[in-house]
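Values quoted throughout were computed directly from the atomic coordinates according to the rules given, and no laboratory measurement underlies them. Computed from a predicted structure; not experimentally measured. Here the Cβ positions follow ideal geometry from the backbone for every residue, glycine too, while neighbour counts run over all protein chains shown.
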Amino acid sequence: MQVSVYLDASTAARQRYFNRMTEQVQFYGTEPAKRPHAVAGVGDRGAYDQSASWIPAFSTLYAVRGNRWLTVSYSTPGVAKAVRRARAAELARQAFRLTAR
């Protein structure tokens, strides 16, 4: 199993998150596994749950709350993508709680 969690809490982290998701769609819009898939209940509340996104091809969750951007990579061979996404989402929720100011 390989898990990594990266926190970006410096100036404009929120904007960098949205830029990253926009670029992901621009570059991989025709490849469903590389497009952002909204994940509810992880990032900031908002329309369409666009503040947390799972990229299945990379087994990576990107999420933003306030000015904190988390990237959680969760790769485990033999584990279904839905399970990896759920585990990455739970790690992100815990990380947001631990880094709350």
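Are there any pairs, at least 6 apart or on different chains, whose C-beta atoms fall under 8 Å, with the first in segment 1-30 and among the polar types (S, T, N, Q) and the second in a loop (DSSP other than H, G, I, E, B), and if so, which?
Gln2/Thr76; Thr11/Asn67; Gln24/Arg35; Gln24/Pro36
Hey, among Gly29, Gly41, which residue is farther than 19 Å from Arg84 by Cα, over 10 Å from the mean Cα position of the chain (by Cα), exposed (fewer than 15 other Cβ atoms within 10 Å of the Cβ) and not charged (D, E, K, R)?
Gly29
Please state which one of Pro56, Pro36, Pro77 is farther than 15 Å from Ala9 by Cβ and exposed (fewer than 11 other Cβ atoms within 10 Å of the Cβ). Please lay out each step first, then the result.
Working: Pro56 fails: exposed (fewer than 11 other Cβ atoms within 10 Å of the Cβ); Pro36 fails: exposed (fewer than 11 other Cβ atoms within 10 Å of the Cβ).
Among Pro56, Pro36, Pro77, only Pro77 is farther than 15 Å from Ala9 by Cβ and exposed (fewer than 11 other Cβ atoms within 10 Å of the Cβ).
Take the residues in segment 59-74 that are of a type in the set (Gly, Ala, Ser) and in contact with a strand residue (DSSP E or B) (Cβ under 8 Å, 6 or more places away or on another chain), then tell me which one is surrounded by the most Cβ atoms within 10 Å (Cβ to Cβ).
Within segment 59-74, the subset of a type in the set (Gly, Ala, Ser) is 59, 63, 66, 73.
So of that shortlist, the ones also in contact with a strand residue (DSSP E or B) (Cβ under 8 Å, 6 or more places away or on another chain) come out as 59, 63, 73.
Values: Ser59: 20, Ala63: 25, Ser73: 18.
Selected residue: Ala63.
Filter segment 1-20 down to residues that are under 21 Å from Arg87 (Cβ atoms) and of a type in the set (A, V, I, L, M) and give me whichever is surrounded by the fewest Cβ atoms within 10 Å (Cβ to Cβ).
Met1
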